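Structure, as structure tokens:
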Amino acid sequence: MSAIRSCIVFFFLLTSILGKAQKTVNLGFHFNYFAASPAFKENITRNPLGTSLTLMLDKSDRLKYGVEVGFGLYSGKKYYYETVAEGFPDNYEYLYEENGFLQCLLTIRYQILQSKKLTPFIDVKGGTSTFFSVIRSMQVSEVYEDKFRFHDTTFNLGAGLGVSCDVGKIFKNEDWRRRLYFELSSNYIYGGKAGYRNSVRGEIVDSYEAGNRYSSTSTVQIKSGFLLAF
């Protein structure tokens with residue numbers, strides 16, 4: 001499934017969720033650290049870092065469900081590219097390439113215990129990751145055009161534990177008009193095999209094949225941020 005088709009599918013799923021909303025709507029912004037599995041880690045420069053937006057609805061007092069959309073970046077490199085494919089051999093462009101993935105996940109959350117201040121929960125997630133590269137020249141060029149390239153899309157399935165803290169209850173011991181929660185969670189995210197890129201710093205290439213990688217893409221997602229209830 002292409003990245004565009006994935007986004008369309010998730011858009012209609014989100015629209016369907018909103019159309020059936022009857023209770024509290026929760027909007028979240030989170031920072032994500034992805035601890036890569038050994039097979040994935042050996043092909044990337046660093047563990048991915050990124051952010052995500054979350055929309056969740058209350059199904060009951062304990063059950064929430066919704067959508068999480070975010071990204072992770074794992075590499076940023078400068079290298080030299082000979083524009084042979086563009087028809088200009090012996091011309092070298094100094095490029096900067098950034099690599100990462102877009103992630104769209106459906107989430108179901110079950111709150112294990114009901115508490116006024118601290119609420120532990122279980123998350124179950126499923127969706128896709130689509131890998132991409134942003135490649136641009138470090139100087140003005142009449143030969144080379146900057147590129148945004150999508151690579152493979154792979155299936156994700158995960159589960160984990162977390163805790164949610166009612167900020168108003170902790171700091172002022174009162175119910176705020178709009179409840180604000182600080183969240184911390186850890187989820188194992190299974191990622192299928194996919195093709196993606198990770199260029200080599202300072203190398204000289206005349207094609208992009210040298211930077212192509214292929215492996216399973218599993219991670220442990222460590223997530224922290226805020227959820228605002230409307």
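Some notes on this structure:
- Of the residues making up region 196-211, those that are open to solvent by 70 Å² or more (accessible area, probe 1.4 Å) and in contact with a strand residue (DSSP E or B) (Cβ under 9 Å, 6 or more places away or on another chain) are 201, 204, 206.
- Set 74, 79, 94: member being loosely packed, with under 15 Cβ neighbours inside 10 Å and modelled with pLDDT of 95 or more: 94
- When each of 202, 158, 162 is tested for being in a strand (DSSP E or B), over 17 Å from the mean Cα position of the chain (by Cα) and not aliphatic (A, V, I, L, M), the lone residue that passes is 162.
- Scope region 129-144; condition at pLDDT 90 or above, more than 13 Å from the chain's Cα centre (by Cα) and surrounded by 14 or more Cβ atoms within 10 Å (Cβ to Cβ); matching residues: 133, 134, 135, 136, 137, 144
- Of all residues in region 112-123, those that are at pLDDT 95 or above and either open to solvent by 80 Å² or more (accessible area, probe 1.4 Å) or of a type outside the set (D, E, K, R) (or both) total 3.
- Lone qualifier among 87, 126 - being open to solvent by less than 60 Å² (accessible area, probe 1.4 Å), free of Cβ contacts under 8 Å to residues at least 60 places away in the same chain and not in a strand (DSSP E or B): 87
- Unmet requirement for residue 179, which otherwise passes all of (1) free of Cβ contacts under 8 Å to residues at least 60 places away in the same chain; (2) surrounded by 14 or more Cβ atoms within 10 Å (Cβ to Cβ); (3) farther than 30 Å from residue 116 by Cα; (4) of a type in the set (D, E, K, R): (3)
- Positions within region 48-84 being in contact with a Phe, Trp or Tyr (Cβ under 7 Å, 6 or more places away or on another chain), over 24 Å from residue 150 (Cα atoms) and assigned to a loop (DSSP other than H, G, I, E, B), in sequence order: 59, 62
- In region 149-176, the residues that are open to solvent by 80 Å² or more (accessible area, probe 1.4 Å) and of a type in the set (Lys, Arg): 172
- Residues satisfying the stated conditions in region 188-220, i.e. of a type in the set (Ser, Thr, Tyr) and at pLDDT below 95: 199, 207, 208
- Residue 41 surrounded by 15 or more Cβ atoms within 10 Å (Cβ to Cβ), modelled with pLDDT of 60 or more and among the basic types (Lys, Arg): yes
- Out of 206, 166, 152, sole residue that is of a type in the set (Asp, Glu) and closer than 20 Å to residue 29 by Cβ: 166
- Flag if residue 131 is assigned to a strand (DSSP E or B) and touching a helix residue (DSSP H, G or I) at 6+ places or on another chain (Cβ under 6 Å): no
- For region 44-61, the tally of residues that are out of contact with any strand residue (DSSP E or B) (no Cβ under 7 Å at 6 or more places or on another chain) and surrounded by 15 or more Cβ atoms within 10 Å (Cβ to Cβ) stands at 0.
The values are calculated or read from the model by the stated rules, or taken from the named source; none is laboratory data. Small disclaimer: the values here were computed from a predicted structure and weren't measured. Ideal geometry is used to build each Cβ from the backbone, glycine not excepted, and the neighbour counts take in all protein chains shown. Note: accessible area is taken over every heavy atom of the protein model, side chains too, but ligands, DNA and RNA are not part of it. Shrake-Rupley method; radii C 1.70, N 1.55, O 1.52, S 1.80 Å.
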